[in-house]
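The values are calculated or read from the model by the stated rules, or taken from the named source; none is laboratory data. Since the model is a prediction, treat every value here as computed from it, not as a measurement. As a convention, Cβ positions derive from the backbone with ideal geometry for all residues, glycine included, and neighbour counts pool all protein chains shown. Only protein heavy atoms, including side chains, enter the accessible area calculation; ligands, DNA and RNA are left aside. Shrake-Rupley method; radii C 1.70, N 1.55, O 1.52, S 1.80 Å.
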Amino acid sequence: MDSPSRIDSGDQSDDEAGEGQRGFFGLIGSRVGKQRGDTAANLHIHEALLLLQNYEESGQGWFWSTDAKGRLTYITDSVARLMGRTTGTLLGTALTDLFLPVDSHGERQRTLPFLLTKQSKFDKLPLRSAFEGDDRWWAISGRPQFDGGGKFTGYRGSGTDVTAQRRSAEDASRLALYDSLTGLANRFAISKKLDTTLAAFAQQQRSCAIMLLDLDRFKQVNDTLGHPAGDALLKQVAERLLKIVGDKEMVSRLGGDEFQIILPDIEDRGKLGDMAADIIASLSQPYSVEGSRCIIGASVGVAIAPFDGLSSDDLVRNADLALYAAKGNGRGRFAFYSSDLHTAAEDRRALEDDLRDALVRGEMALMYQPVVHSKSNMVSGVEALIRWTHPERGVISPAVFIPIAEEAGLIWALGEWVLRTACEDAASWPGDMRVAVNVSPIQFANAELPKVVAKALAATGLAPGRLELEITESVFLGDTAETAHMFEALKALGVRLALDDFGTGYSSLAYLQSAPFDKIKIDQSFVRDATIPGSRNGAIIAAIVALAEALEMETTAEGIESLDQLDLIRKLNVSHVQGYVYSKAVPQAELLDHAEGTWTIKPAGPARQRNDRFSLFRKVGAIHDNHRYAVVIRNLSATGAFIEGLLDVPIGTRFVIDFGEGQLVTASVRRSMKHQQGVEFEQTMVSDGNGGLCTRHRVSPYLIAAATQSTSALALPSFTTTSDWKAA
């Protein structure tokens, strides 16, 4: 039986002490009985008090009382023990100290201190225990007490344990707002979060970015390993996302293999691009699921408020359009939204229709880029590269139409034509020069591939050893037995196999132990920055070369364009080189002119690596002294551009180049040749993730709107250079 939990003023008699062992209500009942006699009414009161005592002992509820200062004068012993205390330590403690403050657990209600101060009654007030190790919730009720003169004397009340009901409600809330598989916010919760964030940020003129993310090749995991494995993989994806983003409330799973991330107060596209690249790289690393090794990828679309939309619907729609562009340009990429994407989406659909008939209309052709021995400068082979000359659009890059062909189911027919045509051309070359043909993962997964290769060799008479099939690492998605069988079947034909784009995100030394490759091709991403001071790419290339030599494989470095890159590649003992430093891709007719005897190419190109340059025809604005001139950009890099449209511009003249959509960059003229100027940007542009460039920051629409409403124009840099030139 619970011992008394009370504070008495003065000494107790022996009878009172003995009766106190029966509890607070037992003591009161005894005193009432002695004072009024053993009447029927007193017996009724005594019985009621005993029932309350039994209720207290049952654990279904408990009682408490305080003095006028809010200090405990009574509390049920069993509850004190549940709180990790004794009644002796709790008596005299403020009632409010037993519970966490309301703000600490997010409740929206009148607080206990407020109610006690106002001497108000309260019923079933939900409160959480403040003691460590006690995670219970209590529903507390209380009534203020007054003496005969109306003076406040304290509180008497009760409490019940509502932990189970509370947890059940929290579970229901969690199911409504969170994804049950990953624990991330669900579509409803993140949509509500985005709405409230954008509404608040619009008033404060702050920016907010969102990323939409879609997993590449996830369906293959479900199809080959089953849905339980797919679920386990999604959990690991969520964990990797949280490591990069950090804030769990800003990451959500929309459903299936789609995720959304909210990034408040970030509009720097350099930072956003770096984060998107980190996400893609992280999610592309191998996973271990139920004893199997899985490899997937990711594509990311990015939109930023207020530049790309003010409402959540607009922002999500535009991020989705950017995601579509990223996936359409080869997957494993990120893309920023721009208004051009609406037109690009329509162009893509039109290109897909035209691509279906391109082979029949004879619009496809093969070009051949030499692969050169790095020490002797002798050509040992060529890589076949497909080119599409559209009757209206002209030459279309393979980076544009190959992803369309893969998505539209046209890659098999296209790949078969490339293989057959390359073998036909190579059979006409004198000597034993090899030809390399790219094989897409979709082709590799088709069991008919060995038959198609054998048929092309037989029909053209090309020796199998002169055909080299270039295969990317993504074919090792699940390390399945089918992959091993395909390698065996191809190798049995006598053809050579090259591992293409090595080190771009799917690398594993494990498959090199069994896959019968003859060559490793080092991706140009490692070569591009290898000569920059502080770069680690040279060490990575050296490690790849050492690995290849140990496995008796050749190595080819792709994308070599400058002489300093070539010197480094030679020092690192890479056996073969491919790139503009030797030759661009040439047509069959030109190749035949060189194929007689020994073909040696002398390297030529810029002495040092330069930033990537993009040839284009783009109309932009050049602002000077508050005048805006229409010019055309012919050549663009991260650090500068080549423009046309102005005559005799002095060296050193400063412009603001307006690329549209709030993209402004300050530039200075470094070269001037009549109507052409070479300008250098004060701040470098950044990758848009999709093969192009964009400014790191944009002028906020809020600022533009404010400028148009004011009497002064939008502030631009002040130029002091004389403008004695005119529009061309």
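Some points to look at:
- Cα centroid separation, region 430-481 to region 520-558: 24 Å.
- For region 526-567, the percent of C-alpha pairs falling in each 10 Å distance bin, counted from 0 to the bin holding the largest distance, reads 28, 51, 20, 0.
- In order along region 219-227, phi translates into HN-Hα couplings of 4, 5, 5, 4, 5, 8, 10, x, 5 Hz, rounded to whole numbers, per the Karplus curve 6.51 cos²θ - 1.76 cosθ + 1.60 with θ = phi - 60° and x for Gly and Pro.
- Remark: the Cα gyration tensor places region 284-371 in the oblate category, a/c being 1.5 or greater and a/b not exceeding b/c.
- Computed P(r) (all Cα pairs; region 410-468; 5 Å bins; percent): 4, 20, 33, 24, 13, 5, 1
- The average projected area of region 138-234, computed from the convex hull of its Cα atoms over all directions, is 12.4 nm².
- Here region 140-282 carries DSSP beta bridges of which approximately 95% are antiparallel, counting only pairs with both residues inside.
- Share antiparallel - DSSP beta bridges, region 378-488, percent rounded to 5: 25 percent
- What the Kirkwood sum gives for region 300-421 is a hydrodynamic radius of 16.6 Å, with every pair of different alpha carbons counted.
- Rolling a 1.4 Å probe across the protein heavy atoms gives region 625-704 an accessible surface of 44 Å² per residue.
- Counting only protein heavy atoms and a probe of 1.4 Å, the accessible surface of region 189-271 is 48% carbon and sulfur.
- Long-range Cα-Cα pairs in region 218-286 (distance over 21 Å), rounded percent: 29 percent
- Computed Kirkwood radius, in angstrom, where 1/r is averaged over Cα pairs of region 226-330: 14.8 Å
- Phi-based couplings in Hz for region 310-315 (Karplus 6.51, -1.76, 1.60; Gly and Pro marked x): 9, 8, 5, 4, 5, 5
- Taking a ≥ b ≥ c as the square roots of the eigenvalues of the alpha-carbon gyration tensor, region 165-300 is classed oblate because a/c is 1.5 or more while a/b is no larger than b/c.
- Highest to lowest packing among 390-399, 206-215, scored as the average C-beta count within 10 Å: 206-215, 390-399
- Kirkwood Rh in Å, taken over all unlike Cα pairs in region 433-495: 12.1 Å
- Looking at region 314-379, the accessible area is 45 square angstrom per residue; that uses a 1.4 Å probe and ignores ligands, DNA and RNA.
- Each semi-axis of the equivalent ellipsoid for region 308-355 is √(5λ) with λ an eigenvalue of the Cα gyration tensor; in descending order they amount to 21, 13, 7 Å.
- A viscosity of 1.306 mPa s and a temperature of 10 °C, combined with the Kirkwood radius over C-alpha pairs in the Stokes-Einstein formula, give region 336-399 a diffusion coefficient of 110 µm²/s.
- When the listed pairs LYS271/LYS375; LYS121/LYS193; LYS193/LYS219 are checked against a 31 Å cut-off, the alpha-carbon distance exceeds it for LYS271/LYS375; LYS121/LYS193.
- Whole-Hz ³J(HN,Hα) from phi, Karplus 6.51 cos²θ - 1.76 cosθ + 1.60, for region 371-380, glycine and proline x: 10, 10, 5, 5, 8, 9, 6, 8, 6, 9
- Tail beyond 20 Å, pair distance distribution of region 579-699 (Cα, percent): 51 percent
- When restricted to Cα atoms, region 121-181 yields an Rg and a Dmax of 17.2, 62 Å, respectively.
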